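Trainee: Sharing a structure with you now.
The values are calculated or read from the model by the stated rules, or taken from the named source; none is laboratory data. These numbers come from a predicted model, not from an experiment. Every residue, glycine among them, receives a Cβ derived from its backbone with ideal geometry; neighbour counts consider all protein chains shown.
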Amino acid sequence: MEIEQTYLNDCYLISPRVFADSRGTFFESFNKKKFEELTGHCVEFVQDNQSTSQKGVLRGLHFQMGNFAQAKLVRVIQGSVLDVAVDIRPQSETLGQHFSLVLSAENNKQLYIPQGFAHGFLVLEDDTIFSYKCDSYYNKASEGGIIYNDKSLNIDWKLPEDAFVISEKDKELPTFETLFK
């Protein structure tokens, strides 16, 4: 497994070593010991989540606050997404910056998103299966979000906005600026 620091503090791109032969492929999707050795971060995942979506579905930008803040390890099992992490930690040097990349079943890349980040993704293929591990349990009272098209974040979602399928809840999320008022 290769782990590379993104330009956002504590946010890591993970590329597993894939073994392939005539039977198919095999890779280790997570190894706690290696992760801790390579990042210096100790993480204890307690909840796994999975979604299936069609092309154009945009989920996010979501986060959990306070004692229920969540670090996530995200990956795609089938299909592909444009994955986006936004640093919302008030004291961070990279506050308000985002990192995006395509995660796919083909590239097997994963993104580790630390606590204090908003996260979202746009589905690029039909029948995409997205999976993520969380280090804290979901708590409805602690959930928050930022509107996907926030002008100050300037996220290039790679598809035209009229192609997006967005929940009513996500269409009503506040702007980044309102988080710090």
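Trainee: So, His62, is that one assigned to a strand (DSSP E or B), of a type outside the set (Ser, Thr, Tyr) and in contact (Cβ under 8 Å) with a residue 40 or more places away in the chain or not?
Mentor: Here the answer is yes, as His62 does meet what is asked.
Trainee: Follow-up question, since we're still on this one. Can you confirm whether the stretch 127-146 contains a residue that is out of contact with any Asp or Glu (no Cβ under 6 Å at 6 or more places or on another chain), of a type in the set (D, E, K, R), over 27 Å from Phe45 (Cα atoms) and part of a loop (DSSP other than H, G, I, E, B)?
Mentor: No, every residue in the stretch 127-146 fails to be out of contact with any Asp or Glu (no Cβ under 6 Å at 6 or more places or on another chain), of a type in the set (D, E, K, R), over 27 Å from Phe45 (Cα atoms) and part of a loop (DSSP other than H, G, I, E, B).
Trainee: Still on this structure: Would you check which residues across the stretch 73-119 are farther than 21 Å from Val43 by Cβ and either outside any loop (DSSP other than H, G, I, E, B) or small (Gly, Ala, Ser) (or both) and list them? Break it down stepwise before answering.
Mentor: Kept after step one, since they are farther than 21 Å from Val43 by Cβ, are these residues of the stretch 73-119: 78-82, 90, 93, 95-98, 100, 102, 104-107.
Residues satisfying the conditions are Gln78, Gly79, Ser80, Val81, Leu82, Gly96, His98, Ser100, Val102, Ser104, Ala105.
Trainee: To continue, here is another question. Which of the residues belonging to the stretch 147-181 are assigned to a helix (DSSP H, G or I) and either closer than 14 Å to Gly120 by Cα or at pLDDT 95 or above (or both)? If you could, list the steps in order and put the result at the bottom.
Mentor: If we filter the stretch 147-181 for residues that are assigned to a helix (DSSP H, G or I), which is where we start, we get 161-163, 168-171, 177-180.
Those that are assigned to a helix (DSSP H, G or I) and either closer than 14 Å to Gly120 by Cα or at pLDDT 95 or above (or both): Glu168, Lys169, Asp170, Lys171.
Trainee: Here's a follow-up. Please indicate, with yes or no, whether at least one residue in the stretch 106-123 is aromatic (Phe, Trp, Tyr), under 16 Å from the mean Cα position of the chain (by Cα), within 14 Å of Leu179 (Cβ to Cβ) and crowded, with 18+ Cβ neighbours inside 10 Å. Let's see the steps before the verdict.
Mentor: Of the residues in the stretch 106-123, the ones aromatic (Phe, Trp, Tyr) are 112, 117, 121.
Next cut, under 16 Å from the mean Cα position of the chain (by Cα) only: 112, 117, 121.
So of that shortlist, the ones also within 14 Å of Leu179 (Cβ to Cβ) come out as 117.
Keeping just the survivors that are crowded, with 18+ Cβ neighbours inside 10 Å gives 117.
Scanning the stretch 106-123, I find at least one residue that is aromatic (Phe, Trp, Tyr), under 16 Å from the mean Cα position of the chain (by Cα), within 14 Å of Leu179 (Cβ to Cβ) and crowded, with 18+ Cβ neighbours inside 10 Å, so the answer is yes.
Trainee: Moving on. Please tell me if Lys140 is over 16 Å from the mean Cα position of the chain (by Cα) and under 22 Å from Leu73 (Cα atoms).
Mentor: Details: over 16 Å from the mean Cα position of the chain (by Cα): yes; under 22 Å from Leu73 (Cα atoms): yes.
The answer is yes for Lys140.
Trainee: Please work out if Ser29 is within 15 Å of the chain's Cα centre (by Cα), of a type in the set (Ser, Thr, Tyr) and not in a helix (DSSP H, G or I).
Mentor: Details: within 15 Å of the chain's Cα centre (by Cα): no; of a type in the set (Ser, Thr, Tyr): yes; not in a helix (DSSP H, G or I): yes.
For Ser29, the condition - within 15 Å of the chain's Cα centre (by Cα), of a type in the set (Ser, Thr, Tyr) and not in a helix (DSSP H, G or I) - is not met.
Trainee: Somewhere in the stretch 162-180, is a residue under 27 Å from Ser15 (Cα atoms) and either buried (at least 21 other Cβ atoms within 10 Å of the Cβ) or free of Cβ contacts under 8 Å to residues at least 24 places away in the same chain (or both)?
Mentor: No, every residue in the stretch 162-180 fails to be under 27 Å from Ser15 (Cα atoms) and either buried (at least 21 other Cβ atoms within 10 Å of the Cβ) or free of Cβ contacts under 8 Å to residues at least 24 places away in the same chain (or both).
Trainee: Among the residues of the stretch 1-55, how many are exposed (fewer than 10 other Cβ atoms within 10 Å of the Cβ) and more than 23 Å from Val81 (Cβ to Cβ)?
Mentor: Result for the stretch 1-55: 7.
Trainee: Which residue pairs have Cβ atoms closer than 7 Å, lie 6 or more positions apart in sequence or on different chains, and pair a first residue in the stretch 89-114 that is in contact (Cβ under 8 Å) with a residue 40 or more places away in the chain and β-branched (Val, Ile, Thr) with a second residue that is surrounded by 19 or more Cβ atoms within 10 Å (Cβ to Cβ) and not in a strand (DSSP E or B)?
Mentor: Matching pairs, first to second residue: Thr94/Leu8; Ile113/Cys11; Ile113/Ala71.
Trainee: If a residue has to be buried (at least 17 other Cβ atoms within 10 Å of the Cβ) and either under 12 Å from Phe176 (Cβ atoms) or acidic (Asp, Glu) (or both) to count, how many in the stretch 126-148 make the cut?
Mentor: Total meeting the criteria: 5.
Trainee: In the set Leu58, Leu101, Leu82, Leu8, which member is modelled with pLDDT of 95 or more and touching a helix residue (DSSP H, G or I) at 6+ places or on another chain (Cβ under 8 Å)? Full working, then the answer.
Mentor: Working: Leu101 fails: touching a helix residue (DSSP H, G or I) at 6+ places or on another chain (Cβ under 8 Å); Leu82 fails: touching a helix residue (DSSP H, G or I) at 6+ places or on another chain (Cβ under 8 Å); Leu8 fails: touching a helix residue (DSSP H, G or I) at 6+ places or on another chain (Cβ under 8 Å).
Step by step, each of Leu58, Leu101, Leu82, Leu8 is checked, and only Leu58 is modelled with pLDDT of 95 or more and touching a helix residue (DSSP H, G or I) at 6+ places or on another chain (Cβ under 8 Å).
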